[in-house]
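Taking it in order: structure first as structure tokens, then the write-up.
The values are calculated or read from the model by the stated rules, or taken from the named source; none is laboratory data. These numbers come from a predicted model, not from an experiment. Note that we place each Cβ from the backbone using ideal geometry, even for glycine, and neighbour counts take in every protein chain shown. Accessible surface areas use protein heavy atoms only, side chains included; no ligands, DNA or RNA. Shrake-Rupley method; radii C 1.70, N 1.55, O 1.52, S 1.80 Å.
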Amino acid sequence: MLACAALALVVAGGMSWPLALTFAALLAATWQLEGTRWQLSERTALILVLLTLPLFYLDGKMQGGSSAGVGRASVGMGALTHFILFLTVIKLWQRKADRDWLFLYLISFFEVLLAAGLSLGPNFLLSLGLYMFCALSTVVAFEVRRARRAVPAQVTSFVQTSGLGDNARGRRQRPRGTGNGAGTPRRLALVALCLLALIFTLALPIFFITPRTGANALARADGGQTNIIGFSDEVTIGEIGRLQRSNRVVMHVRVDTPQNAQPHALRWRGVALDEFDGRAWRRTVAKSETFAGGDERPLFQFDTTEALDRLTTQTFFVEALDTPVLFIAPRAIALQGALPFVRRDAEGGLTTRPHSQERITYRAYSDTNDPPLARLQLDNGQVQHDNLRYLQKPANLDPRIYELARRWILEAHAQTNYDAARALEWHLSHDFAYTLDLKAGGADPLADFLFRVRAGHCEYFASAMTVMLRTLGVPARIVNGFQAGEYNDAADAYTVRQSDAHSWVEVYFPQNNTWVSFDPTPEAGHTGDANAQGWLGGLRKYAEALELFWIQYVVAYDKQEQRSLASTVRSSLGAYRQTAGQAADELRARLRAWWQQMPAIGGAKGHAIAVDAPLLIGIVAGAGLLFILVQRIRRMRLKRGRTKRQGTTPAHSAIVFYERMNLALATRGLQRSPAQTPLEFATATGVSEALLVTHAYNRVRFGAHDLSPSESAHVETWLQRLEESKAGIVNREEQVTL
């Protein structure tokens with residue numbers, strides 16, 4: 001039980017593996033020393049705990065001084081974990097009474113409670129189930145042990161010296177693993193499993209009826225966050241490439257696409273930047289609009305759409321990140337989530353409160369439809385003064401970049417801004433290579449990429465296309481975000497990793513007042529679906545599905561999810577009732593058609609069969625019931641016959657020979673008080689035969705055991721001796737023989 005509690009802390013991230021292995025070694029050592037002279041006294045253990053309290057205070061102070069950037073809860077959690085483990089080891093090392101074991105059980109429960117506050121993944125559920133099984137087994141065994149010690153010593157000695165006692169307890173006294181001796185641990189495990197199943201069955205409805213509120217009470221000991229770069233007001237070329245080298249999960253996204261939506265490559269937009277100095281991109285306009293939240297899951301509306309059926313719904317389950325950016329598919333219409341506020345900047349980027357220690361969940365609505373192609377090709381409108389910043393170019397821009405862009409445009413015979421953007425996109429994605437190695441550099445990394453290296457990652461391609469469009473007078477900006485990610489059909493969601501980080505281009509069309517996305521990165525830079533093949537890939541797929549289920553219905557389960565789940569259950573039940581009703585109607589129609597066709601079979605004979613059909617159905621049903629009744633009577637007779645062969649009605653036999661014993665004792669002046677149990681009365685008489693007969697009575701009357709022929713002979717002998725005038729003492733040699 002204590003080991004499972006420590007395992008729950010390890011799984012939840014509250015304890016390191018070296019510390020866990022040390023604790024496991026000490027736990028094994030205390031197990032071996034249990035009951036030996038090497039155990040500590042209670043006073044020594046208490047003094048040791050009091051002396052070490054200042055050390056744990058200093059432990060917390062030292063962690064706070066050496067953990068820059070780590071939350072106060074994380075520091076306190078580490079010191080608290082160390083103290084709990086030390087207290088557990090000391091308690092295990094001392095000589096223990098029942099109250100000490102109960103104290104250890106409470107410590108283990110507190111460890112699991114801490115792990116529940118730290119847990120962000122479904123692995124905790126497995127460790128909790130294992131702990132619950134061990135805890136139930138421990139409590140049951142503890143109560144059995146206490147009840148065993150409560151049995152009087154005199155009764156134990158009589159049971160051990162009598163033949164009846166040896167027969168009754170012999171199974172338990174056999175060496176473990178022989179005969180039926182191994183049945184007791186198996187039965188205890190079965191009882192614990194049944195109790196565990198019952199607890200989970202009763203708790204599951206309460207779990208889904210009660211929504212969760214707030215965030216995790218405690219922070220993870222390791223910080224728990226994913227370091228994200230490339231999503232700030234200023235991004236240097238190359239940062240997204242460094243981010244792509246990690247496969248750490250950033251978020252899960254579930255998408256509901258309307259049926260009339262245009263085919264569109266999904267991307268999760270993060271930040272857009274408008275100014276480029278040759279080495280870094282930045283956002284120049286600092287103004288933003290703040291949308292305040294409300295109760296539960298407020299709806300933040302940013303824009304409008306022509307029709308609601310154009311909206312693509314996305315549900316984001318975002319890991320703990322060190323960026324406040326909210327990711328969403330372009331063009332954002334609204335967002336719903338348990339967020340205190342949402343801020344939208346001048347480039348359409350969305351941010352909220354920092355969440356570096358917890359996951360956040362929100363639902364987003366986007367109109368991913370672009371204007372018709374014909375309208376975009378006719379859009380060569382003049383750029384307004386407010387949008388002139390999208391034409392800005394570095395002061396020392398290499399003139400060859402404009403010449404290259406101009407040549408590609410002429411080769412493609414592009415006449416409009418849209419055609420020019422498509423021409424640049426095609427050349428960059430087909431004439432250049434994709435690599436994560438930062439080969440381009442120098443004073444002008446963009447020119448070095450275009451004219452020397454001719455290979456790079458998505459940032460170089462997006463930056464090159466944006467600058468080339470601006471040299472042609474086409475307004476454009478760069479966008480940093482994520483590709484759709486890897487689709488998991490088991491979870492019906494996309495798993496987005498850091499390796500899916502991406503940069504692309506948005507081009508502005510003034511007459512349509514819209515931004516359209518273009519992606520000049522070669523095909524090798526698009527991760528797409530990369531599911532591992534074989535059983536390992538399937539296992540990972542279902543593990544991710546379980547994790548998403550845990551996030552949605554455990555970590556982020558609020559009233560909105562509760563209503564959504566209830567609606568889904570009602571819809572499923574309604575569909576089931578409709579299907580069952582249709583099947584019943586179809587069955588009735590077939591029976592009606594069969595019934596109507598019956599008179600046409602065989603002429604008059606068929607008509608007679610049709611007339612008597614209800615009677616035949618009644619006869620068949622009655623015969624079936626009669627057959628079931630006969631079978632039950634037969635089983636009862638067989639059971640009664642087996643009972644007679646084994647000694648008949650054990651309860652009645654027990655009452656008969658116990659009443660004989662009471663009558664025999666009454667003739668000697670020994671009467672049983674109504675307040676005495678049979679065992680207490682037999683012990684008080686001091687008559688060994690009375691005690692042995694009472695043990696036999698308890699076995700048969702309350703233990704559901706039958707007496708063997710030899711045991712029945714022993715009982716008869718003891719009763720005859722009690723009924724004799726000088727009976728009362730059983731020879732010691734006879735006791736041993738019996």
* Counting only C-alpha contacts under 8 Å and six or more residues apart, can you give the relative contact order of segment 377-517 as a whole percent? => 26 percent
* To do: Compute the FRET efficiency between ARG242 and ARG422 as 1/(1 + (r/R0)^6), taking r as their Cβ-Cβ distance and R0 = 41 Å, and round to the nearest 0.05.
  => 0.85
* Asked: For ALA329, which sequence-distant residues (separation of 5 or more, or a different chain) have an amide H within less than 5 Å of its own amide H, given hydrogens modelled in the peptide plane?
  -> ARG269
* Highest to lowest packing among 491-504, 343-356, 706-719, scored as the average C-beta count within 10 Å -> 491-504, 343-356, 706-719
* How large is ³J(HN,Hα) for each residue in segment 20-30, as worked out from phi by the Karplus curve 6.51 cos²θ - 1.76 cosθ + 1.60 (θ = phi - 60°), to whole Hz, x for Gly and Pro? -> 5, 5, 4, 5, 4, 5, 5, 5, 5, 5, 5
* Asked: How far is the Cα center of segment 487-509 from the Cα center of segment 1-26, in Å?
  -> 37 Å
* **Percent accessible area from carbon and sulfur atoms, segment 410-450, protein chains only, probe 1.4 Å** => 52 percent
* To do: Report ³J(HN,Hα) in whole Hz for each residue of segment 402-408, in order, from the Karplus equation J = 6.51 cos²θ - 1.76 cosθ + 1.60 where θ = phi - 60°; Gly and Pro get x.
  => 5, 4, 5, 4, 5, 5, 5
* Using alpha-carbon pairs under 8 Å, 6+ residues apart, how would you state the relative contact order of segment 241-361 in percent? -> 34 percent
* To do: Before anything else, pin down the relative contact order of segment 315-457: Cα pairs under 8 Å, at least 6 apart, normalised by residue count, whole percent.
  => 19 percent
* Asked: Taking only the alpha carbons of segment 312-372, what extent do you get along each of the three principal axes, in Å, biggest first?
  -> 43, 24, 17
* To do: Could you sort 228-239, 661-672 so that the peptide with the highest average Cβ count within 10 Å comes first and the rest follow in order?
  => 228-239, 661-672
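If each residue of separation counts as 0.36 nm, what is the full-extension length gain between CYS194 and LEU113 once their alpha-carbon separation is subtracted? Can you show the working numbers first?
Numbers: separation 81, 0.36 × 81 = 29.16 nm, distance 2.32 nm.
That pair, CYS194 and LEU113, stretches by 26.8 nm at full extension.
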